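Have a look at the structure below, then the notes.
The values are calculated or read from the model by the stated rules, or taken from the named source; none is laboratory data. On a predicted model such as this, the values are computed, not experimentally measured, just so you know. Cβ coordinates were reconstructed from backbone atoms using ideal geometry, including for glycine residues, and neighbour counts include every protein chain displayed. These accessible areas exclude ligands, DNA and RNA; they are computed on the full protein's heavy atoms, side chains included. Shrake-Rupley method; radii C 1.70, N 1.55, O 1.52, S 1.80 Å.
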Amino acid sequence: MSTYLDMINGPEHVKKLTLPQLQELAGEIRQELIGGLAKAGGHLGPNLGVVELSIALHRVFNTPKDKFVWDVSHQVYVHKLLTGRKDRFRTIRQTGGLNGFALRTESPHDCYGAGHAGTALSAALGMAAARDKKGTDENVVCIFGDAALTNGISFEALNNISHTTKRFIGILNDNEWSIAKNVGAISAYLNKLITHPRYNKLSNDFVNFVRRLPKGELALKLAHKAEGGFKGAITGVGLQPTGKPEDADGRGGYGSPVFFEEMGFRYLGPIDGHDLPLLISTLEFAKTCDHPIVIHILTKKGRGFEAALKYPEKFHGLGPYNAQTGETPAPKPNAAPMYQDVMGQAMVRLCQKNNTLVGITAAMPSGTGMKHLEKAMPDRYYDVGIAEEHAVIFAAGMATMGLHPVVAIYSSFLQRAFDCIHHDICLQDLPVIFCMDRAGLSANDGPTHHGLFDIAYLRTLPNVTAMAPKDEDELVDMMFTASHSNHPMFIRYPRGVAEGVPIKEEPKLLEIGKAEVIRNFSSNSKKKAALFGLGPMCAIARKAAEQLAAEGFDVAVINPRFTKPIDAGTTEFFGKAADLVVTLEDHALMGGYGSAVLELFSEKNVTTPVVRIGWPDQFIEHASTQDELRKKYGLSVENTVARVKAHFGEAATTATRLIEVA
Ligand SMILES: Cc1ncc(C[n+]2csc(CCOP(=O)(O)OP(=O)(O)O)c2C)c(N)n1
């Protein structure tokens, strides 16, 4: 039972509470986050870090009129709790429940959707520019993390803000963590800034000033009046030499501590992002500014939950946990490994035998499994920050020097590097290996994270070899095969637990463009179906084949292995031999593997009917499990059986349901 949270059905109620009541509310929200997410999991750590910030924002501003644009938006849970979604909060990331990110269709208070990093500053600037053009007076507030700031788009926006608008409020939520520890020069710079004594003194002066202000209108006026004074006090202060050579900025001096001011912002901070009264006063002040402003706040990921404070990376986003201790369920004994770990461990083994291989991650050492390489061979491992385009071009540069980089990026995040894949990798035909994890669904996350388009966008590019393993052993074979190629190689594999097959001691070299026939036709039956099951859909094809065979069909199962080049010979052969071809893929139907088969059949005059099973031409929602979505959209054994039977004029049994998705 929460005294104050229960009273909040919208931001207007936040404004009715007194400061001590708001502080109580912060505690209640933390309890709701910790207890409410324990069963199904979610982005606990980042949200525990923005409780005070979210309350202060809703205390000072008025959404939906005012706009909050959150970078990545995995930290909007508190905002959701305060904007009329409290009753559904415990459904978050589950089937039919709240989305785990900001979603325009979910609430008018979510003015901008996201899931990928680095978009907030640009989007918020677009809103501010539109407001200025329309002559309206909304406040636009952009909340971005210290790691989001390492993303290139953020810098493109920063470059553009001060000469586009006068009214822009940026909040840099600095907790020193990306998912893993934030890396790179920007992170080091922020660290230098927050620890520098001189700058801290200025910040303290500001804090003391704000604290001394009388409340209400008067405070606002004073803040406004004082603005000029602060500008003088804060702008243009150079860091004094510290006597430590490592603190020099490389330009023979110590630069400005305030990079943001050089970019045309007024900069305030660093201030304690858990000090609610201070946040409220500072935001009130920011609201009156007629100049773009960045408020640099320091927060702790996981604040209020010991386990989350202790293990920020684990608690960035996780599955179920114990709400008292933070313990997570132990993996089941003999459980199949996760694909990401298979990839990371294979990387270590391959690197031990091949000196040219190196591993690159864009801020996802755990998610991609590259952490195994980081641990075993740190000199062969690169974390470039949340910077997918840079990761790809960086790999291209390395490849021109004789190295063989392996770039591990989730399918969905690789989308933004399409031009780099085209212009830097494929056009120059460079030997870079792409390991695309989360190719397929990322069920809890939803449409921002599903990786359903990579076959289509890669298939169009010359010099590409693209593969999809049916299991973890084949994934290692594909990595091994790719490491022997001198061309761009792409491997897509799904999120989560692999098939549970043994992995060979020594990987096998696969023939490029050659499919694997898993089950051949066995009779002259007139009910011959050839099932081409790509990647994880191969297991579904196999099971469907068993059921169909038991009902008198003659079924072949082919593991295509390659989506480019597809195995023209085998595909044509089975196309001609079969009465029905079924393609199954964990990918959008449009432009996917099935489309490649249809193109081949058109060229070779194969007229056998083709049923394509895959994801329809729409964005797929989030759900509790992958299986639920696969069933709903027909990527299932039952639907495969039903589609085959329907083709041959046989009614589906009650156990099978026909889903027309093609
Ligand atoms: C383009 C892209 N790459 C990678 C990710 C994965 N990702 C989600 S949140 C996150 C870290 C964000 O750190 P920060 O911006 O500092 O916010 P915090 O979680 O620390 O609040 C990363 C790398 C992503 N969402 N988008």
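Data for the structure
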quantity	calculated
Qualifying residue in the stretch 78-92 (condition: of a type in the set (G, A, S) and on the phi > 0 side of the Ramachandran plot)	yes
Selection status of R416, open to solvent by less than 30 Å² (accessible area, probe 1.4 Å), within 12 Å of the ligand (Cβ to nearest atom) and under 16 Å from A363 (Cβ atoms)	no
Pairs with Cβ under 8 Å, 6+ apart, first in the stretch 61-83 and under 20 Å from S122 (Cβ atoms) and touching a residue at least 60 places away in the same chain (Cβ under 8 Å), second open to solvent by 30 Å² or more (accessible area, probe 1.4 Å) and within 16 Å of the ligand (Cβ to nearest atom)	K67/Y112; V69/Y112; W70/Y112; D71/T119; V72/H116; H74/G317
Near pairs, Cβ below 7 angstrom, 6+ apart or cross-chain, from the stretch 378-405 (in contact (Cβ under 8 Å) with a residue 12 or more places away in the chain) to any residue that is among the hydroxyl-bearing types (S, T, Y) and outside any strand (DSSP E or B)	G385/T150; I386/T150; I386/S178; A387/T150; G402/T356; L403/T356; H404/T356; H404/S483
Restricting the stretch 56-91 to residues that are β-branched (V, I, T), more than 16 Å from the ligand (Cβ to nearest atom) and not in a helix (DSSP H, G or I), the residue that is farthest from T136 (Cα to Cα)	T83
Leading residue by the ranking (farthest from I386 (Cα to Cα)) among those in the stretch 140-162 that are within 11 Å of the ligand (Cβ to nearest atom), crowded, with 17+ Cβ neighbours inside 10 Å and of a type outside the set (V, I, T)	F144
Test: T165 is open to solvent by less than 40 Å² (accessible area, probe 1.4 Å), more than 11 Å from the ligand (Cβ to nearest atom), within 24 Å of M263 (Cα to Cα) and among the polar types (S, T, N, Q)	yes
Out of E12, E106, sole residue that is out of contact with any helix residue (DSSP H, G or I) (no Cβ under 6 Å at 6 or more places or on another chain), in a loop (DSSP other than H, G, I, E, B), away from the ligand (no atom under 16 Å from the Cβ) and more than 23 Å from A308 (Cβ to Cβ)	E106
